[in-house]
Every structure is written in structure tokens, then in C-alpha cells.
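The values are calculated or read from the model by the stated rules, or taken from the named source; none is laboratory data. Just so you know, these numbers come straight off a predicted model, no measurement behind them. Neighbour counts run over all protein chains shown; Cβ positions are idealised from the backbone, glycine included.
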């Protein structure tokens, strides 16, 4: 079992260049970089973003009454992919996904593993069930807004 009880996420409704839309759950601390990469490298538009809290099942059950009042509740899973090689190298990848998308995300993660890692079964993939509490729109709080930059230039 994984040990992180809760994580702040941003739930994004995105649209690709073929105008197919889907939801992505991104760790809040990685959101700015993720946005840049999605728009600049993959031509993916972010149509909507909402602030969320992912909670493991145990944490949610302990304080369910409080979380039920905090926002919209949905089932979401944490996927932890651990891979390693014969030389002692390892890498962990963590993704969050809505419950309905978990199997598809699992298959994608495994498909993107190097061929040798897959063939020699040098990986594990854990799925931890949890809940997503969506609290409302995500409002970007950048330090380097145009207004702040113009104020700095005055000095």
C-alpha cells in the first residue's frame, strides 16, 4: 500500500488537436510545467481547470462527513509504476486518474516502458483506490503576472 494520504491536484478538461476531450489529474506542484508542455509540445488546449484533493480510501473514510461538505466527490485512483533494471537503476512514476480511466492509463504506462523492462517483467504497478474532492475552479496565482512585471520595471 502506498503511504501518501492526500495530494492537491488540478483536474483539467483538455482537448487535443482532433478536438477529442478528456480529463487529466495533475499534481498542483507540477501544473505550470505540465501546462506549458501540453500547449507547446502536444498542442493540447486546457478548457477548464478545477482544484481538487485526492484522498486515499482510509483518510476519506476517517473524515467522510467533512469531505462530503467540501465539494463534489468522485472515485479516483493513484497508480504507482516502479521499474528497475539489472544494474540497480530504478524509476518511479505516479499518476492520478478517475476510476473509470484507470485500466486505460495502466495500459498506456506499461506500453511506454522500454521493451527490455516489459519483456523481463522488471516493473510493478500498484493501484490505490481513493476519492477526489473537487472544490472549485483553479485560479492561477503566478508571481510573474503582467501587472507585477510592470510594477517591477518602475523600480
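Out of all the residues in the range 96-114, is one or more assigned to a helix (DSSP H, G or I), without any contact (Cβ under 8 Å) to a residue 24 or more places away in the chain and under 13 Å from the mean Cα position of the chain (by Cα)?
Checking the range 96-114: not a single residue is assigned to a helix (DSSP H, G or I), without any contact (Cβ under 8 Å) to a residue 24 or more places away in the chain and under 13 Å from the mean Cα position of the chain (by Cα).
The rows are residues; the columns are (1) without any contact (Cβ under 8 Å) to a residue 24 or more places away in the chain; (2) assigned to a helix (DSSP H, G or I); (3) more than 18 Å from the chain's Cα centre (by Cα).
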| site | (1), (2), (3) |
| --- | --- |
| 17 | no, no, yes |
| 46 | no, no, no |
| 61 | yes, yes, yes |
| 65 | yes, yes, yes |
| 69 | yes, yes, yes |
| 81 | no, no, no |
| 93 | yes, no, no |
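When you go through 63, 41, 17 one by one, which is the residue that is out of contact with any strand residue (DSSP E or B) (no Cβ under 7 Å at 6 or more places or on another chain), modelled with pLDDT under 95, within 12 Å of residue 131 (Cβ to Cβ) and surrounded by fewer than 15 Cβ atoms within 10 Å (Cβ to Cβ)?
63
Working only within the range 86-104, note down all residues that are surrounded by 14 or more Cβ atoms within 10 Å (Cβ to Cβ) and either in contact with a helix residue (DSSP H, G or I) (Cβ under 7 Å, 6 or more places away or on another chain) or at positive phi (or both).
The answer is 93, 95, 97.
Out of the range 121-133, which residues are more than 18 Å from residue 104 (Cα to Cα) and at pLDDT 95 or above?
Result: 131, 132, 133.
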